[in-house]
Amino acid sequence: MLITRVVCNRATKPDNFWKRRRVFKLTAHYYGRKRNCYSIAIKYLHRALAYVRKSRQLKKRDAIELWQQRISAGCRELGSSYEVLVRGMARCQIALDKKTLANLAIWEPRTFSSH
Amino acid sequence: MAALMFRNVLSKLSQLQISPIKSLRTNGINCTSPATYVLQAQAIEKCAIRMLRSAASNNFEGAKFNASQQTSVQPQQEVLENQHDLEIAITKETIEKVNSQIKSNSHGRLFAVIHFAGKQRRVTDGDLIMIEAAHPANVGDVIRAEKVLLLGSRDFTLLGRPLLRPDLVRVEATVVEKSLTHTKTVFRNRRRKNTRSFNFFRNHFSILRINCVRLEGLVDQRPEIEGVHGRIF
């Protein structure tokens, strides 16, 4: 059996195609060169992924603000205000949170007006 | 101060554990009917005094009083009659109306607000709810929701302060599915510093089907020893 000399070389450079393919799959819906050119796409992809992480907290903040607005609107329809409602509920030890209050204000107006 | 109290009550609710030996706090039940009857928890005299105070001076924390304003305005005085007996009569009437509806089962579809896995949900029969939490129940188990904050129907609502009695309300749910969510990415990048990290995570969730939301007793019938119903000793 012929045994050749051991080739003490480093591994060849990995194929960039697959690394870039992972990026292009995520940027397929972008506009223009941002979806086709790697060095441009990668910037926008990093930004988008960072937004994904940040928006998880922002979504909760936005939702709370929205609920508060809706409860306030419902209260003003009935002649009082959000602050009055919250203070009254704290005194009576009713522990409904903003999400359910907003829900009730929209879908159960009779219950909400009894508050 | 009121906002702090409110948040305190909310935070205590998520840590609330119902123990059989201690009796529950006295749950005053607020019932309403579609007419103008709204029950006040405090006596009407206190409300009247508060109204007079607010009418006399809008007292905000940062307000500065003008000495001349204070001395020149005469405090308004109104004589209010004691309407305590009237209030009690109205209370009894509404409770009777609610009880008659419960006895004849003519209240129709009931909805409840449940505190489950750290969140409050509004729930009726046949609802599917998703809970992002891991819990020991298996698929097909029937769970009973113990922290019921509110029960409502077409004509009346029962508000718990903060919870309703377990021998009054019953909310049952079956576990339909227990699995992991889709893969979520957490990508951290420091721009121009050549540091970035990719993290993937999936958390447990389960889907519950609400079997029933129902009333199991009359509104003013309270047991002699509270907090013991349905417990195994």
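Read-outs throughout are calculated quantities, based only on the coordinates presented, and are distinct from any laboratory measurement. Quick caveat, the model's predicted, so the values are computed rather than measured. As a convention, Cβ positions derive from the backbone with ideal geometry for all residues, glycine included, and neighbour counts pool all protein chains shown.
Exactly which trypsin sites (Lys or Arg not before Pro) in the stretch A:9-115 are in a DSSP loop and have at most 14 other Cβ atoms within 10 Å?
Of the trypsin sites (Lys or Arg not before Pro), the ones in loops of the stretch A:9-115 whose Cβ has at most 14 other Cβ atoms within 10 Å are A:ARG10.
I want to verify a result. In a Gaussian network model of chain A, Cα cutoff 10 Å, which of these has the top mean-square fluctuation: A:ALA73, A:ALA90, A:ALA48?
It is A:ALA90.
What ranking do A:CYS92, B:CYS212 get, fewest neighbouring Cβ atoms within 10 angstrom at the top?
Numbers: A:CYS92 18, B:CYS212 12.
Ascending Cβ contact count within 10 Å gives the list B:CYS212, A:CYS92.
Of A:LYS25/A:LYS54; A:LYS34/B:LYS193; B:LYS92/B:LYS147; A:LYS43/B:LYS178; A:LYS60/B:LYS103; A:LYS34/A:LYS98, which sit over 31 Å apart, Cα to Cα?
Working: A:LYS25/A:LYS54 22 Å; A:LYS34/B:LYS193 22 Å; B:LYS92/B:LYS147 27 Å; A:LYS43/B:LYS178 38 Å; A:LYS60/B:LYS103 42 Å; A:LYS34/A:LYS98 41 Å.
Long pairs (Cα-Cα over 31 Å): A:LYS43/B:LYS178; A:LYS60/B:LYS103; A:LYS34/A:LYS98.
If I stretch the segment between B:HIS135 and B:ARG214 completely, what's the gain in nm (0.36 nm per residue apart, minus their alpha carbon distance), one decimal?
Result: 26.0 nm gained on full extension.
I'd like the distance between the alpha-carbon centres of the stretch A:43-76 and the stretch B:156-217, rounded to an integer number of Å.
Centre-to-centre distance over Cα atoms comes out at 19 Å.
Taking the Cβ of A:ASN103 as the centre, find all other residues whose Cβ is under 15 Å away and add up their charges (Lys, Arg: +1; Asp, Glu: -1).
Counting the neighbours of A:ASN103, the net charge comes to +4.
Can you tell me the orientation of helix A:16-26 relative to chain A, as the angle in degrees between its alpha-carbon axis and the longest Cα principal axis, to the nearest 10?
20 degrees
Using modelled amide H (1.01 Å from N, peptide plane; none on Pro or chain starts), what sits under 5 Å from the amide H of B:VAL186, excluding residues fewer than 5 places away?
Distant-sequence amide H within range of B:VAL186: B:ASN199, B:PHE200, B:PHE201.
Work through the residues other than B:ASN99 whose Cβ is under 14 Å from its Cβ and net out their charges, Lys, Arg +1 and Asp, Glu -1.
Values: positive: B:LYS92, B:LYS97, B:LYS103, B:ARG222; negative: B:GLU93, B:GLU96, B:ASP155, B:GLU216, B:ASP220.
After counting each charged neighbour, the total is -1.
What's the exposure ranking of B:VAL219, B:VAL79, A:VAL84, going from fewest to most Cβ atoms within 10 Å?
B:VAL79, A:VAL84, B:VAL219
Give me the number: length gained by fully extending A:TRP107 to A:ARG87, i.e. 0.36 nm times residue separation minus the C-alpha to C-alpha distance, one decimal in nm.
The A:TRP107-A:ARG87 span can extend by a further 4.9 nm.
Rounded to the nearest 10 degrees, what's the angle between the helix A:38-77 long axis and the longest principal axis of chain A, both from Cα atoms, 0 to 90?
Roughly 10 degrees between the two axes.
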